[in-house]
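None of the figures in this text is laboratory data; all of them are computed from the coordinates on show. Everything numeric in this text was worked out from a predicted model, so none of it was measured. All Cβ positions, even for glycine, are placed from backbone atoms using ideal geometry, and neighbour counts span all protein chains on display.
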Amino acid sequence: MKSKQDSDSHGRFAPSSAFLRRRALRARLMHTLLLLTGTLSVLVTAGIVYTLVRDAVPFFAEVGLLTFLTDTQWTPLFAQPRYGILPLLAGTLTTSLIALLVAIPAGTVLAIYLSEFAQRRLREVVKPVLELLAGVPTVVYGYFALLVVTPLLQRLIPGLPGFNMLSAGLVMGIMILPYVVSLAEDAMRAVPDALREGAYALGFSRLQTAVRVVIPGAFSGLTAAYLLGMARAVGETMVVAIAAGQNPRLTFNPLEGAATITTYIVQVSLGDAPYGSLAYRSIFAAGLTLFVVTLLFNILGFWLRRRFREVY
Amino acid sequence: MKADAALATTPAVRRDSPHAEPAAATRPVKARVERLSFWYGSKQALFDITMPIHERCVTALIGPSGCGKSTFLRCFNRMHDLYPNNRYAGHIWLEPEGIDIISPKTDPMVPRLRIGMVFQKPNPFPKSIYENVAAGLRIRGVRNRAILDEQVEKSLRRAALWDEVKDRLHASAFDLSGGQQQRLCIARALAPEPEVLLLDEPTSALDPIATAHIEELVDELRESYTIVIVTHNMQQAARVSQFTGFFHLGKLIEFGETEQIFTTPRESMTQDYITGRFG
């Protein structure tokens with residue numbers, strides 16, 4: 001009787017109730033699976049924050065947040081240690097800024113070229129090659145900076161020390177370039193052809209179309225590309241540890257060497273700071289600082305994207 | 001000063017009043033299409049088309065989907081150049097100078113700076129309403145704020161959009177509704193005062209009210225512009241145009257005065273199409 005009702009009330013191809021039950025079950029299963037995956041990534045992030053905070057809190061209890069943020073010396077391994085994050089922060093910001101000054105203009109221009117000017121055949125060769133660059137281990141970039149770029153720079157700038165932030169920053173810029181190009185090019189190609197046609201029909205040249213129509217149209221994706229580059233630069237360790245030196249020094253002068261936050265973390269984790277000591281805990285305070293810096297840039301990017309988002 | 005020259009190249013002499021319809025033969029010709037063929041790669045899309053585009057008239061292009069009418073329209077401003085492997089043959093002479101628009105020797109910028117286009121789907125730029133309309137003037141080198149303001153207002157008024165947007169000229173163009181966006185695109189095409197306006201099914205995405213707006217507008221615009229309109233809607237062709245070309249499978253089957261095409265078509269295929277027997 002039941003099956004008769006089913007087929008009569010829902011037409012010739014009415015699904016059986018068993019079929020519908022199976023379908024509902026599958027949907028629920030899928031839903032749970034997706035929820036679990038999502039929760040897992042949130043849990044991992046929470047775990048990382050917890051690890052950082054757990055050891056950073058006793059550190060700040062001893063050193064004091066104000067001292068940490070204002071002291072101009074970072075000498076945790078000295079007999080009379082000082083814990084001012086500013087020198088490390090300056091190193092991180094200076095090297096990252098140099099890297100971005102290389103990667104953002106070069107990356108944007110390259111992306112414009114690939115997306116708006118290059119023949120498809122050329123693009124199909126250049127893009128994978130660029131992405132191959134992203135696969136080079138960072139330690140190789142580090143030695144490239146120290147052994148190739150620094151000597152070259154020393155010829156141009158006499159008296160440049162062997163460890164300097166300029167060389168590290170430049171090479172870091174080259175390192176993040178493929179990411180910026182790849183994402184920026186994707187963002188520009190996602191701009192609908194209808195917009196380009198509108199521009200050309202109005203008499204725009206290729207360059208005018210790229211600069212006045214495609215770039216504003218791709219703004220949100222470009223911001224994401226720059227932010228990823230920024231995040232990579234701020235978190236980069238090997239290049240700066242090898243080429244910029246390991247000496248914490250409060251300076252924004254790219255011609256000097258200085259340690260960054262990441263350099264310090266790697267230096268102390270490899271060294272012999274005893275577990276639970278203040279020096280050991282300082283790693284987590286430094287890590288937390290790095291985390292906050294990245295977070296701030298992400299918030300800025302999020303805000304920019306919302307402010308200038310385009311919907312097609 | 002170059003910009004002023006560009007603005008001044010609108011057709012010079014008004015030879016006829018649009019309301020007193022003269023016979024077709026006496027209409028001056030704005031463009032002459034001569035034995036035009038076109039290929040997408042190896043696939044031929046247009047076959048040996050010859051027809052005039054009369055000055056300050058509306059020429060409607062009708063025909064079933066895939067008949068080549070949009071392809072034909074896009075030859076006038078060399079839109080096909082944007083994609084690889086497209087090929088033209090024949091000529092489109094742009095009068096009075098007799099420039100061959102599709103000759104490889106002609107810089108596509110030349111026709112594009114003189115011929116405006118409105119597309120099937122509204123495609124405003126990711127800019128403000130004002131900057132969308134001003135865009136064509138800016139790339140022609142117009143910097144003078146007063147001229148820009150004046151031309152933006154004039155174009156928006158002509159596109160019947162001014163009253164709806166005058167208080168938010170600097171809001172994003174994407175805040176507008178679909179019909180408003182399409183009128184914005186018309187205003188954008190009008191602002192540099194092109195000699196010819198190409199309309200590619202401009203009302204296919206619009207509701208009847210916005211469509212009526214745009215049809216009225218087309219009727220007004222023919223006083224000063226030469227208009228070529230592609231349309232699926234035969235009533236629209238009959239309402240707004242003075243000349244009609246009927247396309248089928250890439251060929252121009254029949255061309256003539258609109259009234260003649262719709263009352264006494266010479267070709268049986270035209271007859272069948274306009275009476276709804278196929279297409």
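List of remarks:
- Annotation: amide H of residue B:49 within the under-5 Å range of B:35, B:36, B:37, sequence separation 5 or more or interchain, hydrogens built in the peptide plane.
- Between residue A:123 and residue B:154, the modelled labels are 3.9 nm apart [label points 7 Å from Cα along Cα→Cβ].
- Approximate shape of the protein assembly as shown as ellipsoid semi-axes (Cα gyration tensor, √5λ), whole Å, largest first: 62, 32, 22
- Against chain B, whose longest principal axis comes from its Cα atoms, helix B:178-190 is set at around 90 degrees.
- In chain A, the longest principal axis of the Cα atoms and the axis of helix A:261-270 are about 80 degrees apart.
- Counting only Cα atoms, the size of region A:15-63 along its three principal axes is 70, 10, 7 Å, in decreasing order.
- The distance separating the Cα centre of region A:16-33 from that of region A:200-245 comes to 44 Å.
- For B:234, A:188, the sequence from fewest to most other C-beta atoms within 10 Å is B:234, A:188.
- Here region A:86-308 is treated with +1 on each Lys and Arg Cβ and -1 on each Asp and Glu Cβ, and its dipole about the Cα centre works out to around 400 debye.
- Once the C-beta distance of residue A:33 and residue B:43 is scaled by a Förster radius of 51 Å, the resulting FRET efficiency is 0.65 to the nearest 0.05.
- Gyration tensor (alpha-carbon) shape descriptor, region B:59-111, a/c threshold 1.5: oblate
- Table column - 3J(HN,Hα) (Hz), region A:236-247, Karplus curve with 6.51, -1.76, 1.60, x for Gly and Pro: 5, 10, 4, 4, 6, 5, 7, 9, 9, x, 10, 9
- Principal axis box of chain B, alpha-carbon based, largest edge first, Å: 54, 43, 40
- Phi angles of region A:192-207 translate, via the Karplus equation with coefficients 6.51, -1.76, 1.60 and θ = phi - 60°, into HN-Hα couplings of x, 4, 4, 5, 5, 4, x, 5, 4, 4, 7, x, 5, 7, 4, 5 Hz per residue; Gly and Pro are given as x.
- Spatial separation of Cα centroids for region A:64-93 and region A:108-135, in angstrom: 42
- Long-range HN-HN contacts of residue B:99 with modeled amide H, under 5 Å: B:94
- What separates the Cα centres of region B:220-258 and region B:45-117 is a distance of 15 Å.
- Rg [Å, one decimal], Dmax [Å, integer] - region B:148-279, C-alpha atoms: 16.9, 53
- Summed side-chain charge close to residue A:54 - residues other than residue A:54 whose Cβ falls under 15 Å, Lys, Arg +1, Asp, Glu -1: -1
- Sequence-distant residues sharing a close amide H with residue B:230 (under 5 Å, placed H): B:61, B:199, B:200, B:201
- Taking other residues whose beta carbon is less than 9 angstrom from the beta carbon of residue B:138, and scoring Lys, Arg as +1 and Asp, Glu as -1, yields +2.
- Anisotropy class assigned to region B:230-279 is rounded, per the alpha carbon gyration tensor with a/c under the 1.5 cut-off.
- Three-way shape label, chain A, alpha-carbon gyration tensor, a/c 1.5: oblate
- Using alpha-carbon coordinates, inclination of helix A:165-189 to the longest axis of chain A, degrees: 10
- Rounded to whole Hz, the Karplus (6.51, -1.76, 1.60) HN-Hα couplings of region A:32-38, x for glycine and proline: 4, 4, 5, 4, 4, 4, x
- Radius 9 Å from Cβ of residue B:125, net charge of other residues (Lys, Arg +1; Asp, Glu -1): +2
- Only DSSP H runs of four or more residues enter the estimate; each adds -39500 (n - 2.57), and after division by the residues of the protein assembly as shown the mean residue ellipticity at 222 nm equals -16500 deg cm²/dmol.
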